[in-house]
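Read the structure below first, then the notes.
The values are calculated or read from the model by the stated rules, or taken from the named source; none is laboratory data. Nothing here was measured: the structure is a model prediction, and the numbers come from that model. In this analysis, Cβ positions are derived from the backbone assuming ideal geometry, glycine residues included, and neighbour counts consider all displayed protein chains.
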Amino acid sequence: MTDQFDYEEEYFLDKDRKESRKERKRLSDADRSKFKKTDQKKIEKVPIDESLLRGRVMAITGEGTWVESAGIEYLCRLKGTLKREKGLVKNLIAVGDYVRFESTSEKEGSIAHIEERFSTLARTDISGKKEQLIATNIDQVFILVSVAEPPLKPALIDRYLIAAAKGNLHPIIVINKIDLLAENPEEEARYKEFLAAYEPLGFPILSLSSKTGDGIEALRALMKGKTSVISGQSGVGKSSLLNTAFQLHLKTGELAIKTVKGSHTTTVALLIPLPGGGYCIDTPGIRSFGIWHLLKEEVIAHFTDIATLSANCHFPDCMHVNEPKCAVLKALHDGDLPLLRYESYSTLLEEALGGIDNWTKRKIGDESDG
Ligand SMILES: Nc1nc2c(ncn2[C@@H]2O[C@H](COP(=O)(O)OP(=O)(O)OP(=O)(O)O)[C@@H](O)[C@H]2O)c(=O)[nH]1
Ligand SMILES: [Mg+2]
Ligand SMILES: [Zn+2]
């Protein structure tokens, strides 16, 4: 199996920055509504050959695309006509896709058509120039972080939350490894600070431990009957969590300093049918999460707490960076706006405004403080 997704690769080493900036500008001038909310069952405009089989992509490995249809797994390749449509998407097909294919032998097939997606979890690929699909046609994303090993990174959570809103997904923040809190007073303080800042915002937050089983029942209940994707940094315990919750035997990794490409334990996304109904896609760990085609307006819309405060800023177009009479900076100074939130806002705003020239900076930010 090869890792097709470059998950742990260095992210923004692209030398051709100017070219990328031009591309970004072109993109943001193009159709901004990348995503139309559509019903899964809506039939596509393109006429489909009804003699084709219909199936769902379970995994994509070096061998090909694994498609399940009526209980049979087919190893499929993509038809050449599909490949020519690639354009600005790094991976034309992703786990979770519904496809139409022709079976070429008992267990093999050829994919002719990918159905329209009702949701996607996507990020920017390694080059910064293309959209990389992590999973598609999912109801909800479990944003998995851990209180320690690796430490909690609030800005990464905000990245996922924005990506979820863009991709038409319901986000659930899951904080794993709470068993480690007792022995980590610093991490415990950070965890509490995070809860104090994020709970009032209304995002669902679930604290649990796949080691002790604390909170697992709640996770199982949330996953029941739904298609979920679980995503987060390498080592936060995505596979362990699914193993504990559903008595699975996914490979899990020992903790190690994971800096080398390929050191993550899960190497390809995998759609897993859950006992009791529903599916969950386990994914390889990400190192950083660049939001594809991030707009300033999306950052502002996401930080509702900051938007509320900004009603009292002196300048109507205040961005709360260093403007005089800024109500957001005042709230921050007075302790009415958590520093965590402001830091996260600043990072993402800078990214949306600065484009690719700031992405290298962002990468450093990701590693130091999330
Ligand atoms: N203390 C503690 N350790 C945990 C917990 N959950 C997972 N771990 C450990 O964390 C390590 C990484 O777990 P994995 O499940 O492989 O992590 P992952 O997120 O799937 O990692 P990738 O597949 O590389 O993305 C393993 O050593 C697990 O035993 C937990 O709740 N508490
Ligand atoms: Mg894993
Ligand atoms: Zn302001």
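Of all residues being hydrophobic (A, V, I, L, M, F, W, C) and crowded, with 17+ Cβ neighbours inside 10 Å in the range 334-353, which is nearest to the chain's Cα centre (by Cα)? Just the residue, please. Among those residues, the one meeting the criterion is LEU348.
Inspect the range 179-186 for any residue being away from ligand 1 (no atom under 13 Å from the Cβ) and either surrounded by 21 or more Cβ atoms within 10 Å (Cβ to Cβ) or among the β-branched types (Val, Ile, Thr) (or both) and give the result as yes or no. No; the residues of the range 179-186 include none that is away from ligand 1 (no atom under 13 Å from the Cβ) and either surrounded by 21 or more Cβ atoms within 10 Å (Cβ to Cβ) or among the β-branched types (Val, Ile, Thr) (or both). Go through the residues of the range 205-214 one by one and say whether even a single one is more than 20 Å from the chain's Cα centre (by Cα), assigned to a helix (DSSP H, G or I) and of a type outside the set (D, E, K, R). No, the range 205-214 contains no residue that is more than 20 Å from the chain's Cα centre (by Cα), assigned to a helix (DSSP H, G or I) and of a type outside the set (D, E, K, R). Within the range 319-337, not a single residue is assigned to a loop (DSSP other than H, G, I, E, B), without any contact (Cβ under 8 Å) to a residue 12 or more places away in the chain and hydrophobic (A, V, I, L, M, F, W, C). Residues that are surrounded by 15 or more Cβ atoms within 10 Å (Cβ to Cβ) and among the hydrophobic types (A, V, I, L, M, F, W, C) were ranked within the range 219-234; the one that is nearest to ILE138 (Cα to Cα) is VAL229. In this structure, is VAL328 under 22 Å from the mean Cα position of the chain (by Cα) and among the hydrophobic types (A, V, I, L, M, F, W, C)? When the stated conditions are applied, VAL328 does not pass them. Screening the range 294-307 for residues that are in a loop (DSSP other than H, G, I, E, B) and either surrounded by fewer than 18 Cβ atoms within 10 Å (Cβ to Cβ) or aromatic (Phe, Trp, Tyr) (or both) and picking the one that is nearest to ligand 1 (Cβ to nearest atom) gives PHE303.
Just checking, how many residues over the range 223-282 are assigned to a helix (DSSP H, G or I) and at pLDDT below 90? Before the answer, list the steps.
To start, the set of residues in the range 223-282 that are assigned to a helix (DSSP H, G or I) comprises 223, 238-246.
Next, from what is left, pick out any that are at pLDDT below 90: none.
Residues in the range 223-282 being assigned to a helix (DSSP H, G or I) and at pLDDT below 90: 0 in total.
The residues of the range 308-333 that are surrounded by 13 or more Cβ atoms within 10 Å (Cβ to Cβ), more than 8 Å from ligand 3 (Cβ to nearest atom) and among the small types (Gly, Ala, Ser) amount to a single one, ALA331. None of GLY253, GLY237, GLY290 is within 16 Å of ligand 2 (Cβ to nearest atom) and buried (at least 21 other Cβ atoms within 10 Å of the Cβ) except GLY237.
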